[in-house]
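Contents: one structure, followed by commentary.
The values are calculated or read from the model by the stated rules, or taken from the named source; none is laboratory data. All values reported here derive from a predicted model rather than from experimental measurement. As a convention, Cβ positions derive from the backbone with ideal geometry for all residues, glycine included, and neighbour counts pool all protein chains shown.
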Ligand code: F0G
């Protein structure tokens with residue numbers, strides 16, 4: 001890789017595939033290039049090669065940075081002085097960080113009381129103006145859409161196509177690392193921008209001759225926030241606050257990805273999500289936030305009895321499955337602490353007492 005040290009983000013690596021020109025100022029935090037980590041235990045359980053694309057290792061701890069570098073660069077190019085977004089927490093963290101980097105203002109509209117602690121702190125720390133509405137993400141996005149015509153203000157939700165463009169680069173990285181597209185790609189679905197973006201990335205790299213095939217796209221929603229699975233908007237409820245969305249903006253994009261790829265949208269319960277989160281941390285050493293664990297929960301569900309008739313599992317030996325784990329576990333410590341009942345064992349400050357506890 002020959003990029004200079006000060007710019008190794010997704011725009012500099014994939015500019016030929018992105019809507020940027022020489023005139024676009026690059027607002028980057030060296031996002032992307034996240035590890036594709038082999039999972040020996042999931043591989044053993046599936047009979048395929050399973051990899052985890054750990055997007056929690058982006059600069060603000062989630063995949064949103066890929067889209068935000070493009071969205072902020074284009075917003076600045078067009079002369080915006082403010083960016084605004086609705087968010088369940090990660091989009092707002094990324095928007096605030098990239099706005100800080102660009103020296104422009106950022107306003108974030110969040111559902112009050114439903115944002116994980118780490119994400120809320122990020123928005124404040126990066127200097128955003130934070131508004132908590134008495135409503136859910138869908139209400140917040142409705143309000144943000146109404147800012148569409150305001151001069152100097154750019155919306156940086158995934159209804160902004162620049163976000164999708166940036167996020168598709170994760171597919172490029174996966175193809176480059178594996179040498180081709182995987183057989184199946186599994187990811188959590190909330191507002192459905194990411195599944196839309198991945199599918200776009202897979203199609204574009206195949207058209208460009210960089211891969212010979214495309215994966216089946218499989219998305220998992222939380223059971224209490226599963227509008228696409230159910231086929232109608234819902235009042236969302238789930239412990240996975242990042243995907244607590246009842247009326248996704250990219251609904252059609254998700255449906256197209258699934259239809260064109262021969263994949264599916266399925267659901268996992270909160271219990272399955274939290275169990276998968278803990279399983280992944282304690283078995284593979286990868287700590288992700290609850291929403292991210294939906295992809296792992298989904299794979300484990302597909303392996304268990306009672307899976308749906310269209311399920312392509314088990315795969316032929318040597319088949320490849322990639323799961324995107326979208327955000328870092330440290331963003332939302334509350335849910336796993338509650339679920340796992342985690343508490344240290346107290347002991348007196350001497351060797352005998354500590355050994356007694358450890359034995
Ligand atoms: N995983 C995490 C950690 C997320 O933050 C999100 C979405 C998703 C999965 C789902 O991705 O919306 O593209 O289908 N978070 C948005 C936000 C809604 O505001 O941070 P999606």
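Points worth noting:
Residue-by-condition table, conditions (1) modelled with pLDDT of 95 or more; (2) within 15 Å of the ligand (Cβ to nearest atom); (3) in contact with a helix residue (DSSP H, G or I) (Cβ under 6 Å, 6 or more places away or on another chain):
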site: 126; (1), (2), (3): yes, yes, yes
site: 138; (1), (2), (3): yes, yes, no
site: 156; (1), (2), (3): yes, yes, yes
site: 167; (1), (2), (3): yes, yes, yes
site: 175; (1), (2), (3): yes, no, yes
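- Residues of the stretch 303-318 include none that is in contact with a helix residue (DSSP H, G or I) (Cβ under 7 Å, 6 or more places away or on another chain), touching a residue at least 60 places away in the same chain (Cβ under 8 Å) and closer than 30 Å to residue 157 by Cβ.
- Residue within the stretch 95-106 that is over 19 Å from residue 155 (Cβ atoms) and within 13 Å of the ligand (Cβ to nearest atom) present: no
Yes/no per residue for (1) surrounded by 20 or more Cβ atoms within 10 Å (Cβ to Cβ); (2) at pLDDT 95 or above; (3) part of a loop (DSSP other than H, G, I, E, B); (4) within 16 Å of the ligand (Cβ to nearest atom):
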position: 271; (1), (2), (3), (4): no, yes, no, no
position: 274; (1), (2), (3), (4): yes, yes, no, yes
position: 306; (1), (2), (3), (4): no, no, yes, no
position: 317; (1), (2), (3), (4): no, no, yes, no
position: 348; (1), (2), (3), (4): no, yes, yes, no
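- Scanning the stretch 22-34 for residues that are part of a loop (DSSP other than H, G, I, E, B), surrounded by fewer than 24 Cβ atoms within 10 Å (Cβ to Cβ) and without any contact (Cβ under 8 Å) to a residue 24 or more places away in the chain turns up at least one hit.
- Matching residues in the stretch 197-228 - criterion: being within 13 Å of the ligand (Cβ to nearest atom), outside any strand (DSSP E or B) and under 20 Å from residue 240 (Cα atoms): 225, 226, 227, 228
- Scanning the stretch 9-21 for residues that are in contact (Cβ under 8 Å) with a residue 60 or more places away in the chain, part of a loop (DSSP other than H, G, I, E, B) and crowded, with 19+ Cβ neighbours inside 10 Å turns up 9, 18.
- Evaluation of residue 54 against (1) crowded, with 24+ Cβ neighbours inside 10 Å; (2) closer than 23 Å to residue 289 by Cβ (one fails), failing number: (1)
- Only one entry in 48, 93, 71 is surrounded by 15 or more Cβ atoms within 10 Å (Cβ to Cβ) and modelled with pLDDT under 95, namely 48.
- Residues in the stretch 229-248 that are within 14 Å of the ligand (Cβ to nearest atom), under 18 Å from residue 137 (Cα atoms) and surrounded by fewer than 21 Cβ atoms within 10 Å (Cβ to Cβ): 246, 247.
- For the stretch 50-94, filtered to residues that are free of Cβ contacts under 8 Å to residues at least 40 places away in the same chain and assigned to a loop (DSSP other than H, G, I, E, B), the residue that is nearest to the ligand (Cβ to nearest atom) is 58.
- Some residue of the stretch 178-194 being within 20 Å of residue 242 (Cβ to Cβ), in a helix (DSSP H, G or I), free of Cβ contacts under 8 Å to residues at least 12 places away in the same chain and within 19 Å of the chain's Cα centre (by Cα): no
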